[in-house]
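The values are calculated or read from the model by the stated rules, or taken from the named source; none is laboratory data. None of these values were measured; they are calculated from a predicted model. Cβ coordinates were reconstructed from backbone atoms using ideal geometry, including for glycine residues, and neighbour counts include every protein chain displayed. When the accessible area is computed, the model is the full protein with side chains, heavy atoms only, and any ligands, DNA or RNA have been set aside. Shrake-Rupley method; radii C 1.70, N 1.55, O 1.52, S 1.80 Å.
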Amino acid sequence: MNLEFIKMTGAGNDFIMIDNRYLKIANPSQLAVTLCPRGTSVGADGIILIENSKDYDFKMRIINSDGSEAEMCGNGARCAVNFAKILNIIKSDSTSFETLAGDIKGWIINDRETRITLPLLSSVKLNQKLIIDNTEYLYHFANVGVPHTVVFVDELDSINVNEIGKKIRFHTDFKPTGTNADFVKICNKNNISIRTYERGVEKETLACGTGATAAAIISIFLNKTKSPVDVITRSGLILKINCKIVNNKIDLLTIQGESRVVYKGYSVIAL
């Protein structure tokens with residue numbers, strides 16, 4: 001059958017957006033593995049399925065390019081807000097929707113920008129040590145719906161993100177689920193730069209919303225920055241992280257940035 005989709009990008013994270021309210025795709029993992037390879041198929045970091053929800057406007061599911069299902073994706077969720085408006089699921093510029101990491105609120109800022117809330121931190125560890133190839137790394141860990149390990153560096157361009165990031169991602173300290181790996185440079189009190197190795201995509205991506213959020217939060221906790229933090233992604237586009245802290249605890253967490261349609265199309269595929 002001809003599977004209709006919309007290709008979207010969120011600050012460089014690209015997704016194949018599918019309305020699954022009526023299709024009921026039987027094997028979304030296989031679909032992601034089929035559609036996401038670059039050069040031989042549509043190409044994307046993952047597919048996002050929009051489904052019906054009993055309690056919210058809709059349900060978002062994110063399937064990584066390797067077929068694994070993630071709990072949450074910050075840039076994917078921002079694209080989902082735009083997609084829901086295109087599908088006329090939401091009539092206004094605000095929404096609330098369901099993910100495996102919990103309910104999310106979203107807002108359409110303009111034709112090319114959206115903002116969402118993120119789950120409040122479920123786990124934070126600061127100033128931890130990790131040994132990789134006889135080299136000791138100081139890292140920090142935060143779970144913002146998905147796990148992220150943050151390493152601060154003085155120079156980003158020289159980091160072999162795919163090699164070191166993969167070793168962090170599969171390190172025994174993070175078993176059984178593994179972790180995303182973020183390398184972060186502090187630019188000033190309101191700006192950081194980031195490169196991310198994404199779990200499930202299994203390579204560096206041009207942007208990662210939850211990674212940008214984890215890095216911004218940890219930099220705030222360590223007094224390296226203050227909210228709001230502009231996170232410069234590998235694509236060169238900026239994700240703005242706003243973090244409200246009350247009594248040394250995060251009370252509100254949002255991420256805002258680019259979210260736009262790249263093209264519409266269809267793929268001939270057996271569901």
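Some points to look at:
- When only alpha carbons of the chain are considered, Rg and Dmax amount to 17.8, 55 Å.
- Region 50-119 and region 149-173: distance between their alpha carbon centers, rounded to Å: 29 Å
- Across 59/244; 85/105; 185/240, pairs whose alpha-carbon gap is larger than 19 Å: 59/244
- In Å², nearest 10: area of residue 173 left accessible to a 1.4 Å probe: 90 Å²
- Comparing 92, 235, 227 in a Gaussian network model of the chain (Cα springs below 10 Å), the most mobile by mean-square fluctuation is 92.
- Residue 172 accessible area, assembled protein chains, probe 1.4 Å, Å²: 90 Å²
- Cα-based values for region 129-271, radius of gyration first and Dmax second, are 16.0, 54 Å.
- Virtual spin-label span in nm between residue 127 and residue 170, 7 Å along Cα→Cβ: 3.3 nm
- Rounded, prolate or oblate (a/c below 1.5 giving rounded, otherwise prolate when a/b exceeds b/c) for region 1-137 by Cα gyration tensor: oblate
- The listed residues 171, 148 rank as 171, 148 when sorted by accessible area, largest first, using a 1.4 Å probe.
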